[in-house]
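Before any comments, here is the structure.
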């Protein structure tokens, strides 16, 4: 247990800056205090380790953004499917549907005989 200059138990935090990535330190628990208590717990990492970790974090962030984009596209696609089902049931007649996925476009002729439809 480490006490800071103002007699409080110092807290342990983790640095996420590029220069001290994932390096733990202890400091005063009073935010904005002029206590000045600060001590590194972990030794500094070598530059190569920092570069690798930063690259991995960037790659993970890119993948998370891609996943969110694909989920949004999937939700929008599902909403369009629901709207199309409703339209088919309401119209009950022949219709032409243009479907575009990416750069591929297809045209379908659909005839709905009965009002029950499953896609």
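Using just the Cα positions, wrap segment 1-98 in a convex hull and report its mean projected area in square nanometres, one decimal place.
Details: hull surface 48.3 nm².
Answer in nm², one decimal: 12.1.
Between residue 86 and residue 62, what is the FRET efficiency for a Förster distance of 41 Å, r being their Cβ-Cβ separation, to the nearest 0.05? Intermediate values should be presented prior to the final figure.
On the way: r = 37 Å, r/R0 = 0.90.
The calculated FRET efficiency here is 0.65.
From the convex hull of the Cα coordinates of segment 1-45, what is the mean projected area in square nanometres?
Values: hull surface 12.9 nm².
Mean projected area for segment 1-45: 3.2 nm², to one decimal.
Percent relative contact order of segment 1-45, based on C-alpha pairs within less than 8 angstrom and at least six residues apart? Could you put the intermediate results ahead of the total?
On the way: 78 pairs, mean separation 15.4, N = 45.
Over segment 1-45, the number comes to 34 percent.
Each reported figure results from applying straightforward, stated rules to the coordinates on display, with no laboratory input. Bear in mind that the values here come from a model prediction, so they are computed numbers and not experimental data. So basically every Cβ, Gly included, is an ideal-geometry build from the backbone, and we count neighbours across all protein chains shown.
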